[in-house]
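S.K.: This is the structure I have questions about; it appears just below.
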Amino acid sequence: MASFSGDRLSELQTEDGDTCFAGDDSCYPSDFSPSSAVQSYLAPFAGLAVGEELPFEFELMPTSDADCALGDAFDCRVGTSYDETRTASGELSELEVFDAAGDYDLRIDTEADTVDFFGAAGDFLPAGCTAADGAALELPDGYCGFFGYQASFELTSEISEDPDGHVTPIPLNASMVFALFGLASLAGFSRAKRP
């Protein structure tokens, strides 16, 4: 499972073609969160409430393809690839699942237990939008278009990798059971070794 922690638009656009980038405190409203009015395949989580949980599934395949889904709102298209980053000891630390056309990017950080989604929603070139367009999209006053959608989630599942290289999420309650079983086994083993 993955818990929604927030989203934003990468760029807000004005009728004059000016662009305000997310993170620019001089123009990007600090309390703005995209509404469901901008929701699309490349902005699938717009309108979610912070804390809402979605099932998170993915599987990596030896062919460098990935199969993934984040709730009912998003699933990977055919032709999805992935890159992975590993620690010096060989543990998976980051995983990036992306579409060959560059439409979306899903980044999984197994050390921070986060998932970040980036989608190429909206208009790539800011021009030609009107105040009515901005109102229909429920954008902040003065903005009529946008480009780029970003959403963040906190994993409530552990990431597991089997010897064959299959990487999957495991619910935390199941991983805690395995951990407790392991601790109990160690305690029993150490008790059995005492003279």
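The values are calculated or read from the model by the stated rules, or taken from the named source; none is laboratory data. Small disclaimer: the values here were computed from a predicted structure and weren't measured. Methodologically, a virtual Cβ is constructed for each residue, glycine included, from the backbone with ideal geometry; neighbour enumeration extends over all protein chains shown. For the accessible areas, the whole protein counts, side chains as well, though only heavy atoms, and no ligand, DNA or RNA atoms are used. Shrake-Rupley method; radii C 1.70, N 1.55, O 1.52, S 1.80 Å.
S.K.: Test of the criteria: in the stretch 26-61, which GluC sites (Glu not before Pro) are in a DSSP loop and have at most 15 other Cβ atoms within 10 angstrom of their Cβ?
M.R.: Qualifying residues, ordered by number: 52.
S.K.: Place +1 on the Cβ of every Lys and Arg and -1 on the Cβ of every Asp and Glu in the stretch 1-122, take the dipole about the Cα centre, and give the residue among 104, 115, 5 whose Cα lies farthest towards its positive end.
M.R.: It is 104, whose Cα lies furthest towards the positive end.
S.K.: Sort 152, 30 from largest to smallest accessible area, using a 1.4 Å probe on the heavy atoms of the protein chains.
M.R.: 30, 152
S.K.: Shape call for the stretch 1-81 from the C-alpha gyration tensor, a ≥ b ≥ c root eigenvalues: rounded (a/c under 1.5), prolate (a/b greater than b/c) or oblate?
M.R.: prolate
S.K.: If the only charges are +1 at each Lys and Arg Cβ and -1 at each Asp and Glu Cβ, what is the size of the charge dipole of the stretch 103-158 around the Cα centre, to the nearest 20 debye?
M.R.: 300 debye
S.K.: Could you tell me the center-to-center distance, by alpha carbons, between the stretch 4-41 and the stretch 108-125 in angstrom?
M.R.: Measuring centre to centre over Cα atoms gives 14 Å.
S.K.: Separate question: With a 1.4 Å probe and every protein chain left in place, work out the accessible area per residue of the stretch 1-126 in Å², rounded to a whole number.
M.R.: Normalised by residue count, the accessible surface of the stretch 1-126 is 52 Å².
S.K.: Taking a ≥ b ≥ c as the square roots of the Cα gyration tensor eigenvalues, with a/c under 1.5 meaning rounded and otherwise prolate when a/b beats b/c, else oblate, which class fits the stretch 1-159?
M.R.: prolate
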